[in-house]
1. Among the candidates 22, 49, 15, single out the residue that is surrounded by fewer than 21 Cβ atoms within 10 Å (Cβ to Cβ) and in contact (Cβ under 8 Å) with a residue 60 or more places away in the chain.
2. Scan segment 64-91 for residues that are part of a loop (DSSP other than H, G, I, E, B) and under 24 Å from the mean Cα position of the chain (by Cα) and jot them down.
3. Condition test on residue 277, is it part of a helix (DSSP H, G or I) and either surrounded by 20 or more Cβ atoms within 10 Å (Cβ to Cβ) or modelled with pLDDT of 95 or more (or both)?
4. Taking segment 258-274, which residues are crowded, with 17+ Cβ neighbours inside 10 Å and within 28 Å of the chain's Cα centre (by Cα)?
5. Just one of 98, 107 is closer than 21 Å to residue 49 by Cα, in the same structural domain as residue 35 (by TED's automatic domain parsing) and not in a helix (DSSP H, G or I); which is it?
6. Going by what's in this entry, would residue 98 be described as closer than 23 Å to residue 45 by Cα and in contact (Cβ under 8 Å) with a residue 60 or more places away in the chain?
7. Does residue 308 meet the test of being surrounded by fewer than 23 Cβ atoms within 10 Å (Cβ to Cβ), in contact (Cβ under 8 Å) with a residue 24 or more places away in the chain and part of a helix (DSSP H, G or I)?
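The values are calculated or read from the model by the stated rules, or taken from the named source; none is laboratory data. If you're wondering where the values come from, they're calculated on a predicted model, not measured in any experiment. Here Cβ is always computed from backbone atoms with ideal geometry, including for glycine, and neighbour counts include all displayed protein chains.
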């Protein structure tokens, strides 16, 4: 098949797990002999083309007021950026020209910030069916997270309904809908998106790491946290839990955040056995811990780090927010606790610390194998193949260079 995959960012750009998931899918499809093109954005002012991992990358400039990943634009510029991103005709024209050039069998859209839902109409105009995967809350909330003011936002609020009106309306252009969790899929469908499209849940894939031995447990129980250091991620729940657990428990923290916020946490919990690592590669981090903590306050669409921990045989205590509890098997690969409930996190950690670590490790590794690239790629191929017969006759291709 000739497959075009569209996502806001692609390696080496990354702001979250979506970029990793899209790259694994694109390279997995290419590895099976499919012709894969990725359409993505970059900071440059001109389009560019390159080859990487068996995939052809078409990088387009952002057709809006500014590059949205960095800097501090004024509130007015941010407002105007989001207004144009509601339906961006310039991005539609760019993608339409590119699709005429590539002539794929289908377009698989993912994160759309910077492109807008106008790309669905671009595909329709050239007779190409669309599969869409929701990996964030872009269609519902302007910051893509549904989290603002240190709390989860109500997607039924007037502001969200007004913001999403055009996006919901254009979602009828999608022929097949995928959510990366039951939480994400059910939320979008309940709000009225993709009413004309078959829907399914396909979880993210993870790289299967080389086998690593379990950590020697002669120095107590080592807890771990990996992610952005910000209130939405709930690190303070982990810090408070570690304090209550007392001697014999330590916490390794991998991630970066606002320097003032990090400094405040370091000062407030200076009496604890903490190791602040900054950025840490998964292959170095996970073998150094016994239990992973994922205490997110916000409703994460999935929580990729949960699966990554499982792939190293590390059980997880996570919050019950968003898609996180869907990928934890209670008592086998960890526990899900109410977000912010320190007592529940402490009890879950104590229970895992008393459990048979060898058995926990076996359960985690077996669970993670269900999310291999081969399995998830096969699921997407079935979704693509379900589009047979829905493709409209393409318009004549035009000669376009990028």
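1. Residue meeting the stated conditions: 49.
2. 64, 66, 67, 68, 69, 70, 71, 72, 87, 88 - these are the residues of segment 64-91 that are part of a loop (DSSP other than H, G, I, E, B) and under 24 Å from the mean Cα position of the chain (by Cα).
3. Here the answer is no, as residue 277 does not meet what is asked.
4. Correct list: 262, 265, 274.
5. That would be 107, the only listed residue that is closer than 21 Å to residue 49 by Cα, in the same structural domain as residue 35 (by TED's automatic domain parsing) and not in a helix (DSSP H, G or I).
6. Answer is yes for this residue.
7. Considered against the rule, which asks whether it is surrounded by fewer than 23 Cβ atoms within 10 Å (Cβ to Cβ), in contact (Cβ under 8 Å) with a residue 24 or more places away in the chain and part of a helix (DSSP H, G or I), residue 308 comes out as no.
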